[in-house]
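Notes follow the structure.
The values are calculated or read from the model by the stated rules, or taken from the named source; none is laboratory data. Everything numeric here is computed off the predicted structure, so don't read it as measured data. Here the Cβ positions follow ideal geometry from the backbone for every residue, glycine too, while neighbour counts run over all protein chains shown. Keep in mind that these areas ignore ligands, DNA and RNA; they rest on the heavy atoms of the full protein, side chains included. Shrake-Rupley method; radii C 1.70, N 1.55, O 1.52, S 1.80 Å.
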Amino acid sequence: MKRYCCFILFSLLIWNHLKADETPCSTDSCARFEVLGEFLRDFGDVGNDAGSISSSFWLKSTGTVPMIILSNSTSCPCTQVYYDKDIILPGDSVEVKLTYELKSHLGYFLQSVLLKTNTVPEDYIRFYLKGTVVEAITRD
């Protein structure tokens, strides 16, 4: 019985140690990011004859392990996001391009993309395009 109790206690200690190692990273080994520039691009008034507007945002991997873009979602099907790599090595940067199709939309807009990553403490990044689509003025 004594051996059985010691075995259970030993097993619990090992299990507790293994569970502690399941944290996403230690202070020395984490994926982190820095935004180079802005989170928001304000276009002001844009004529509806422009077709679309685009802006680039930059992310830099500042952690000790690669940053991975796991997924992305935009606030509207009229907004597209493009980036050339999902895995960004420490010290490398990636361009995130956001394009909004104006079509026949008139008035204020605020479009965004949400990037889900493996970074800590925050595992997401959101970029925004905003402005006002106005009727294009034609001059004779």
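Taking every alpha carbon pair in the range 92-140, what does the distance histogram look like in 5 angstrom bins from 0, in percent?
Once binned at 5 Å, the Cα pair distances of the range 92-140 give 5, 14, 20, 18, 13, 11, 8, 6, 3, 2, 1, 0.
Heavy-atom accessible area per residue, the range 27-140, 1.4 Å probe: how many Å²? Each step should come with its number before you reach the end.
On the way: 6530 Å² over 114 residues.
That works out to 57 Å² per residue.
By what distance, in whole Å, do the Cα atoms of the range 68-119 stretch along each of the three principal axes, largest value first?
That works out to 42, 16, 14 Å along the principal axes.
Of the heavy-atom accessible surface of the range 26-118 (probe 1.4 angstrom), what whole percent is carbon and sulfur?
Values: 2590 of 5040 Å².
Result for the range 26-118: 51 percent of the exposed heavy-atom area is carbon or sulfur.
Order these peptides, 36-49, 123-136, by their mean beta-carbon neighbour count within 10 angstrom, highest first. Before the final figure, lay out each step's value.
Numbers: 36-49: 12.4, 123-136: 15.6.
The densest-packed peptide leads the list: 123-136, 36-49.
Need one number: the % of Cα-Cα pairs in the range 40-140 sitting beyond the 18 Å mark. Before the final figure, lay out each step's value.
On the way: 2510 of 5050 pairs.
In whole percent, the long-distance tail amounts to 50.
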